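Notes to accompany the following structure.
Throughout, read-outs are computed from the coordinates displayed, never taken from laboratory work. Worth saying up front: this structure is predicted, and the values here are computed from it rather than measured. A quick note on method: Cβ atoms are made from the backbone with ideal geometry, for glycine too, and the neighbour counts reach across all protein chains shown.
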Amino acid sequence: MDTFKNITIIGTSHISIESIKEISDFIKKYKPEIIALELDRKRFYGLLNKTKISFNDIIKMGFKAFLFNLIGAYIEKKLGKLVGVSPGDEMLAAVKGAKKFGLKLKLIDQNIEITLKRLIKGFTWKEKFRVIADIFNGLIFRKPLIEPFDLRKVPPKETIKKLMGMVKDRYPTIYDILIKERNEVMAKHLNDLMLNNKEDKILAIVGAGHEDGIIEILKRN
């Protein structure tokens, strides 16, 4: 958790029981006027209504982007089952808290279709081979790239930094588009919220891998 001026950022794990409790407790105790979520409109409504991707959605984002999104969602779902949490439950906890106390909700992430299209377009063959090699090493030779950690909790800051450094080094396209660019987008939206709501307490809920980057951009601006 980090605080800058009138904004507090909670970095979460999307399948962490610890994150759900931290968010619920913070909202109950401090009752911020605004809650900002690392979601775009499509993901927000999909989370609330548990809607499945339609054929029109596949056409819009492209089959490769759809497949990439499907694989990511499948992995998150499988990991979530191990700890008894569904991916996005921490965001739902924030929505419930906002509804209970009459707080404003803001969506600050980039459109998922834009993100996925840019990722697929920029993803190099070198990075694809590295992904396959890393999965192979992890599953067959039991050589994970980072030390194992408790999935029920948010990874320690040191582990997150190590993971971000590994992604930046081995998969620069993934880092630039999924992390760096979205940090800029979310920081801009948060900066606008801070400027237009100077007297209000703002709580931003983002993935733990985005927390330090967003804070750094806000301070720089």
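By the rule of a C-alpha distance below 19 Å, with chain neighbours fewer than 8 residues away ignored, the aspartates and glutamates paired with Lys100 are Glu22, Asp25, Glu33, Asp89, Glu90, Asp200.
Give the calculated FRET efficiency between Lys21 and Ile132 to the nearest 0.05, with a Förster radius of 35 Å applied to their Cβ-Cβ distance. The pair Lys21/Ile132 has a calculated efficiency of 0.45. Shape verdict for segment 148-221, please, from the Cα gyration tensor: rounded (a/c under 1.5), prolate (a/b greater than b/c) or oblate. It is oblate, given that a/c is not under 1.5 and a/b is not larger than b/c.
Site pair Lys29 and Ile179 shows an inter-label distance of 2.9 nm when each label is modelled 7 Å from Cα along Cα→Cβ.
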